Amino acid sequence: MDPRRWKGAAAYIGLLGAAYAVAIAGSWRFGAALDNIAYDYLFRRVQPKPWKAESVLLAIDEPTLRWIPGGIRRIRKPLADALTLIAGADPKAVAVDITLADTDPAADEQLARALCSLSKKLVLNSELIEDGRQWEDPIPAFKDCAARLGHVHSQPDDADSRTRAIPLVKRAGRSQRYALALEAFSLSRGQPIDESSSDLSLRVGSTLIPIPDARFGRMRGENLDNRPMRVHFMDPEASLIPRISLKSLLENRSLVAQFAGKTVFTGVTASSASDRWLTPASRNVPTTGVVIHAEAFETIAQRLFITDVAPIWVLLISLLLVAAAGAAFHFLAGWRAYVAGAAVLVAGQIIPYVFFTQARVLPFSATMSAAWLGGITAATYYHLVVRRKWLAEQAARTRYQYAVHFVTHEMRTPLSAIQGSSELMTRFPLTEEKRKQIALLINSESKRLARMVEIFLNVERLSAGQMELKRESISVREMVDACIERTRPLAERKHIEIHLDPIADNLLLTGDRELMEYACYNLLTNAVKYSPQRTAVNVSGGKDGAHIRIAVKDQGMGMDQKEVRQIFQKFYRTRKAEQSGEAGTGIGLSIVQQIVEQHGGEIEVTSQPGVGSCFTLVLTAAHVAEPAPAERSR
């Protein structure tokens, strides 16, 4: 592969790699809020097929609290009556999400008898107090009747206080409690809870409860020791879990049949309850804790688990999106590249949806960031490369035009001489001596033409970076003398004198002799061409510090400052130059400027209309070693 193409490919891959790294790091560091928004949206869009609920809610709702004198403070006696009825219906399990840590002598004995009638099927709640350092259990009269104690804590996200998962395990000191829903499921199946799995998952009989990938969760700073489980929440207006008011049950005892063979969750569902949380399904209407626990139970019972995609797949899918964006803009061109890039962006948004339909959570921020950053990086690089190629083509077209004008401008004189001389030889009888003179002229002009072509090609190659500048020692005096001798015939025809100020023999330059001679010769011929007859052109050369200054001063038409600023533009000619009748295309000074700049120098111009112009080449002087003291003494 061409080294330049290899470097370009390496740079392109490097930029895409950087975009990939930024996308992944940014999504893990800042993408949690976006992932939550996407999760909630997908959660509402992708719902499983309806199922027959295994649980039922005994709801302490607003009508119940209004019906009971004293409200929630006098709930224990009606609750005892309801639980006694339910015990006779033979439920699979009963989970009570009501705080029973205080005493009520008037009702505790009756409630204790009702709870004990459910002893092998009963789960009572236990809450963490003192900032999570101690468990608050039911009073002994109730606790002794319970088969299990389950915690009733949710796990709302810090960013938006919305509950998407519940911790299946909570610890305080050396003791721990499983979630109320998990304990109820364990009792309903008659199987113990097994947490011996190395991947943090829990098992109850044949039901394996998966936990988010530990490595990925800990990268995101999540606490996975609590075994968080994503709950498949239900739309409050279309819940599949039957809800029976405690008041309705006591007033119509035939409703107890709906509790047979079910797992019963009882708790406060009134809107005045303090235990209310937002969920993905409830949108902006909070859901009570007992409903969340019932839905968590259904999630386990129906195996509606929503799990996270392993980190390796997140990395691979994101890498694939970046690579696809890069390939789209590398192998395609024009609108096809942008259409393919847009397809990659769409894929970045669609892939998480596809995974969610399979109950797998792929972080939306990772795929979106990878698709967008990869696409933007590839599109930007593509735009810059296309623009660079376009500019290169424009430069090549300009150089072609430059060459054509150079041929018509610089080669016209030697071609005319060759053409005229050959015509003389063919049309007129000439003496041998005259024929010899013409032959020598043709030979001289053809060599001059060849040198012009070579000089032009060398300048072009230097400008394109395809040729290294020759580095040879050039005597300034010899170079100027040679240029003056070549210009003198043109000057004599216009009766213009060329004066040369003395130039030191040891004044040296380092560079390409032919190119520098061309630059000096061009300035001299311009001075003669655009000067009136019977005037003078003065040439001087000297050292000014570390630089050599070669000046060509004429008594010609001169220029104003606006024209001085434009004379080095290709094809530009002053108005007076065009009116002079002298042939030219305005590219000679442009070539001179390129030659001087390639030698690390510059051109200074001073001019005044009607007085004349002075062009000065400012070039770096060659370093000449000083002679030793002994040599100077000799």
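The values are calculated or read from the model by the stated rules, or taken from the named source; none is laboratory data. Small disclaimer: the values here were computed from a predicted structure and weren't measured. Glycine also receives a Cβ, built like all others from the backbone with ideal geometry; neighbour counts cover every protein chain displayed.
Scanning segment 513-542 for residues that are among the charged types (D, E, K, R) and in contact with a strand residue (DSSP E or B) (Cβ under 6 Å, 6 or more places away or on another chain) returns a single hit, R513. Within segment 99-131, the set of residues being among the hydroxyl-bearing types (S, T, Y) and out of contact with any helix residue (DSSP H, G or I) (no Cβ under 9 Å at 6 or more places or on another chain) comprises T99, S119. I312 passes every criterion in (1) closer than 22 Å to A10 by Cα; (2) more than 18 Å from the chain's Cα centre (by Cα); (3) of a type in the set (V, I, T) apart from (1). Here is a list: Y353, Y338. Which entry is out of contact with any Asp or Glu (no Cβ under 6 Å at 6 or more places or on another chain), farther than 14 Å from A19 by Cβ and modelled with pLDDT under 90? Just one listed residue meets the conditions, Y338.
Could you tell me whether D308 is in contact with a Ser or Thr (Cβ under 7 Å, 6 or more places away or on another chain), of a type in the set (D, E, K, R) and at pLDDT below 90? When the stated conditions are applied, D308 does not pass them. In segment 159-181, the count of residues that are on the phi > 0 side of the Ramachandran plot, within 39 Å of the chain's Cα centre (by Cα) and exposed (fewer than 13 other Cβ atoms within 10 Å of the Cβ) is one or more. Exactly one residue out of K77, K92, K121 is touching a residue at least 60 places away in the same chain (Cβ under 8 Å) and surrounded by fewer than 21 Cβ atoms within 10 Å (Cβ to Cβ), and it is K92. Considering the conditions (1) at pLDDT 90 or above; (2) basic (K, R); (3) within 30 Å of L362 (Cβ to Cβ), R29 is excluded by exactly one of them, (1). For the residues P210, P280, P236, P228, the requirement of being assigned by TED's automatic domain parsing to the domain that holds S55, in contact with a Pro (Cβ under 7 Å, 6 or more places away or on another chain) and modelled with pLDDT under 95 singles out P228.
Scanning segment 248-273 for residues that are in contact with a Pro (Cβ under 8 Å, 6 or more places away or on another chain) and surrounded by 23 or more Cβ atoms within 10 Å (Cβ to Cβ) returns F259, T263, V264. Note on segment 56-110: residues that are over 57 Å from the mean Cα position of the chain (by Cα), in a helix (DSSP H, G or I) and charged (D, E, K, R) total 8.
Going residue by residue through segment 539-551, is there one that turns out to be of a type in the set (A, V, I, L, M, F, W, C), surrounded by 24 or more Cβ atoms within 10 Å (Cβ to Cβ) and outside any helix (DSSP H, G or I)? Yes, segment 539-551 contains a residue that is of a type in the set (A, V, I, L, M, F, W, C), surrounded by 24 or more Cβ atoms within 10 Å (Cβ to Cβ) and outside any helix (DSSP H, G or I). As a summary of the residue check, V291 satisfies the conditions (1) modelled with pLDDT under 90; (2) buried (at least 18 other Cβ atoms within 10 Å of the Cβ); (3) over 20 Å from the mean Cα position of the chain (by Cα); (4) not in a loop (DSSP other than H, G, I, E, B) except for the one numbered (1). Quick one: would you say A257 is in a loop (DSSP other than H, G, I, E, B) and assigned by TED's automatic domain parsing to the domain that holds I75? No: the conditions fail for A257. The numbered conditions (1) buried (at least 18 other Cβ atoms within 10 Å of the Cβ); (2) touching a Leu at 6+ places or on another chain (Cβ under 6 Å) are all true for G71 except (1).
The one condition from (1) surrounded by 12 or more Cβ atoms within 10 Å (Cβ to Cβ); (2) on the phi < 0 side of the Ramachandran plot that K49 does not meet is (1).
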